[in-house]
Amino acid sequence: MAGWVWLGVAMVLLGVWLYGQRGEAKLSWQKPEVKRSVHSFAYKVYANSHLSDGRFFLSKIVFKNEGSKPVRDFSISYQIPGYIAATTPEELPEIPPGHTVVKLFYPQCPGKVAKIKERTIATLEIKLQWKEGGKQRDDLLREEFTFRGVNELVYTDLPAEEQTCWQDLFLNADLLAAMVTPNDPVVTAYSSEIVASLGGAVAGAGGAPEALEMLKGTYDYMMDTGLQYAGGKGVPENLGDVSTTVQTIRLPRDTIRNNNGLCIELALLWASVMEHVGIRSELVLRPGHAYICAPDFTMNSRPFTVECTAITPKSVGKAARVNFSEAVAMSQDDFEKYQQAGNLMTVDIQGLQTAGIVPPELPEVDIEELKATLASRKHGAALQTASQARPSPTTPVREPANPNPSSPATTPQPTVSEPPPNNGIGELTAFQLIKVGDRYVNEKSKDRVVEIRSDKSVYSLTPAQWEVTYYAPDTPSKTIGIKFLHGQQIGIDITRRMEKLPVLDPSVLRIDSDQVLQIIQNDPAFKLYKLSGIQYWLLRDQAGSLWRVRLWASPPGQPGKVAEMGDIYISSDAGTVVRRDIHF
């Protein structure tokens, strides 16, 4: 009797096993998403999987096991013949039934890519290997793409149906940071000539007066040495389902050597010189135009901007020389006009280069020959000035009107407002900025904030620059960042993200940025330190909505030294300190 029982059990187990053997593994994948254009001048960004939430991948493939058995021993490798040898295979021992796997390729391009002068077709080869039910499978996928010439910028790679605002047309504008070259020996020599024309002043060693002198000196030097604005626009181009503008943009070294440039080329040269001497820079972009901004300084409560093309008076509708004050006023009027219309964006050079958007290696040049060229321009400018100053034999010489003969006549100049220490009064708090930011987004995005962040504060413990990032419900792969300076909207940043960011729950946003500062100042752990700088992030993680606050301070007994202390995390709901990552 017992034998029959065991036989029945065995039959049941055999049936279960046979049932489990039914079906098979079946690997499928979507057509690879491969970038149609790779920017040669910015080739380094494509290797950085952390930059801009990973959006600079070369290829993306979504795999799925549509069978009822596991896909085993899956591997994928890549190569670009002529540029990148076959990579080490990425391996997965198993893809269970119904599971999806996403594979992204971030290529380590060689430096020779930056030497590509014209558009060059290349082929990405993707080798796949896997097993289905013990049977070895393999496939080789090939997709063509284009290495753009080293001076070409494709302003957007977003399909037309996903473009919802003007900023979408400039999705790749951040790559312009890779064209700012403060460490290029050519820029160094050029900057040295500017500094020499000012008697050796070093802008980075001082504050607002020194920075203003350097900015004015840069403008005057460019004009005096004959630098010219050369008008030009980008060329419309269709790349499959992407309608974009492609513009040929020379690097600052070429603008210096040729002594002329487009508006964007002049702005890039300005940014390179400013970063070289220690003045933070931002490019200002709006439809059809670009100029420069020094975001750490203001004039008349507005960002300090300069109309770079005013060095050529006809380009701004003037017949006579346009002085620095006029160039500043022109750009500020333009900035305010397009800011109010919502058609203006800024490119933070220092922030983007720190994140990894850096220039390519540049070929060596004959610096001595360049110095001789710059010297000849300066000599020519001096001769022209002397000729203009020499009176005509038939023209009587008139003395300048100056009520005080002991002091020379001066031209009124703009002043830069450098905030006194610990001012911060009148700045809007983070939650107040949400309400202001709501004016610049559609109804579906209002109050749907995914992150708030500030820049490091300057001169006080109240940051002047903030960005409020909103969820974009119509296009979940994007976020909308509203940028502020002293409570005024100065730009809109549309960012594509690999993952959807969670929206902050308004019901737990009770502790505002000013209250966070009070909590920190009242914390006994910080009583011994003199705080000198602060930076905020409001974000959501597993612990809920948190303020992450980075602090800078002088250690006890070392008032002349300022260092980063670390981060403190504070609940936005209860105002309690969740944790401290302090390394003082």
Q: Being modelled with pLDDT of 85 or more and among the basic types (Lys, Arg) is the filter here, so list the residues in segment 521-563 that pass it.
A: 548, 550
Q | residue 121 vs. criteria under 24 Å from residue 361 (Cβ atoms), surrounded by fewer than 15 Cβ atoms within 10 Å (Cβ to Cβ) and among the hydrophobic types (A, V, I, L, M, F, W, C) | A | yes
Q: Sort out which residues of segment 90-122 are β-branched (Val, Ile, Thr) and in contact (Cβ under 8 Å) with a residue 40 or more places away in the chain, and write them in order of number.
A: 95, 102, 113, 116
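Tally time: how many residues in segment 218-243 are modelled with pLDDT under 65 and over 13 Å from residue 290 (Cβ atoms)? Spell out the reasoning first.
Taking segment 218-243 first, the residues modelled with pLDDT under 65 are 232-243.
Adding the requirement that they be over 13 Å from residue 290 (Cβ atoms) leaves 235-243.
Going through segment 218-243 one residue at a time, the tally reaches 9.
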Q. Among the residues of segment 555-579, which ones are of a type outside the set (A, V, I, L, M) and within 16 Å of residue 545 (Cα to Cα)?
A. 567, 569, 571, 572, 573, 575, 576, 579
(Q) I'm told residue 97 meets every condition in (1) in a strand (DSSP E or B); (2) more than 30 Å from residue 180 (Cα to Cα); (3) not charged (D, E, K, R) except one. Can you identify the failing condition by its number? (A) (1)
Q: Residue by residue through segment 569-584, note down the ones that are under 29 Å from the mean Cα position of the chain (by Cα), farther than 14 Å from residue 537 by Cβ and of a type in the set (A, V, I, L, M).
A: 582
Q | Any hit, segment 58-80, residues being buried (at least 16 other Cβ atoms within 10 Å of the Cβ) and touching a helix residue (DSSP H, G or I) at 6+ places or on another chain (Cβ under 8 Å) | A | yes
Q | Close pairs from segment 338-349: first part of a loop (DSSP other than H, G, I, E, B), partner of a type in the set (A, V, I, L, M) and at pLDDT 90 or above, Cβ under 9 Å, at least 6 apart | A | 344/284; 344/285
Q.
For segment 331-361, give me the residue count where each residue is surrounded by fewer than 22 Cβ atoms within 10 Å (Cβ to Cβ) and more than 21 Å from the chain's Cα centre (by Cα).
A. 7
Q. Does segment 375-388 include one or more residues that are modelled with pLDDT of 50 or more, of a type outside the set (Asp, Glu) and closer than 30 Å to residue 462 by Cα?
A. no
Q.
Here are the criteria: (1) closer than 21 Å to residue 118 by Cβ; (2) surrounded by fewer than 17 Cβ atoms within 10 Å (Cβ to Cβ); (3) at pLDDT below 90. Tell me which single one residue 246 does not satisfy.
A. (2)
Q: Kindly indicate the residue of segment 485-508 that is hydrophobic (A, V, I, L, M, F, W, C), surrounded by fewer than 19 Cβ atoms within 10 Å (Cβ to Cβ) and in contact with a Ser or Thr (Cβ under 9 Å, 6 or more places away or on another chain) and also nearest to residue 435 (Cα to Cα) among those meeting that condition.
A: 508
Q) Which of the following residues is β-branched (Val, Ile, Thr) and out of contact with any helix residue (DSSP H, G or I) (no Cβ under 6 Å at 6 or more places or on another chain): 116, 121? A) 121
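The values are calculated or read from the model by the stated rules, or taken from the named source; none is laboratory data. Computed from a predicted structure; not experimentally measured. Glycine gets a Cβ as well: all are built from the backbone with ideal geometry, and neighbour counts include every protein chain shown.
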